[in-house]
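Colleague: Take a look at the following structure, please.
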């Protein structure tokens, strides 16, 4: 069954504008996410997560952010940070 619905022109335009804005925002978010290397320094990880270094340190103490340590150098895998955040999602 197909139901046809004709919206007024102003509502059509508003809908198109809203969809375009949502798509542009989604594209921007993907571009930002892809601009980070796969392995991040702590400073880059903070930027990636949009948090202050003090918040990062607090989260690390409380939730143990996954980290790779090689001879005292720490790197944070971008995919692991994404999984870390998903695990804490409510």
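We did not get these values from a lab; they are worked out from the coordinates using the rules stated. A quick note: this is a predicted structure, and the numbers were derived from the prediction, not measured. Cβ coordinates were reconstructed from backbone atoms using ideal geometry, including for glycine residues, and neighbour counts include every protein chain displayed.
Colleague: Return 90, 61 ranked ascending by Cβ neighbour count within 10 Å, so the fewest neighbours appear first.
Modeller: 90, 61
Colleague: Within a 10 angstrom radius of the beta carbon, how do 48, 76 rank from fewest other beta carbons to most?
Modeller: Listed from fewest to most nearby Cβ atoms, that is 48, 76.
Colleague: Could you point to the label whose value was computed as volume of the Cα convex hull per residue in Å³ for the structure here, given (i) 101; (ii) 86; (iii) 163?
Modeller: (iii)
Colleague: Still on this model: Roughly how tilted is helix 53-63, in degrees to the nearest 10 and between 0 and 90, from the longest Cα axis of the chain?
Modeller: Compared with the principal axis, the helix lies near 80 degrees.
Colleague: What order do you get for 81, 5 when you list them from fewest to most C-beta neighbours inside 10 Å?
Modeller: Fewest-to-most Cβ neighbours within 10 Å comes out as 5, 81.
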